[in-house]
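Working notes, beginning with the structure itself.
The values are calculated or read from the model by the stated rules, or taken from the named source; none is laboratory data. The model shown is predicted, which means the values in this text are computed figures rather than measured ones. Heads up, the Cβs are rebuilt from the backbone with ideal geometry, glycines too, and the neighbour counts pull from every protein chain shown.
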Amino acid sequence: MQRFSGFYVLIVVLMTSCGEDPALLEKSKQQKAEIQRLESELGLIEEKLKNMPKDVSEELQNARKEAEVQNSEIAKLEAEITALDTRKRTLQAEFDSYRAKYQVK
């Protein structure tokens, strides 16, 4: 197998040294130009990726969790306010009843 691959390399070298095919040279130039174009486009894309804002999805998820906790706290405080308002009205009614009964001067 070693002799065959060495022979194949020798044939390729002899074919290329005998003369360059103009069609192959033109195709090679076109391919090189395409490679350069693609490399420059890749460079621009990489630059855009570097300049993109950082991913904030984790921060957004944390903010949503915090909002849920705060909404829960708000609900508890609103329930406490309702209870205190009810207690205030009850005490005010008792006070008004007491005052009407004993005519505090």
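Being of a type in the set (Lys, Arg) and assigned to a helix (DSSP H, G or I) is the filter; apply it to region 37-67 and report the residue that is farthest from the chain's Cα centre (by Cα). Checked region 37-67; the qualifying residue farthest from the chain's Cα centre (by Cα) is 37. Scanning region 76-105 for residues that are modelled with pLDDT under 95 and either surrounded by fewer than 10 Cβ atoms within 10 Å (Cβ to Cβ) or within 45 Å of the chain's Cα centre (by Cα) (or both) turns up 100, 101, 102, 103, 104, 105.
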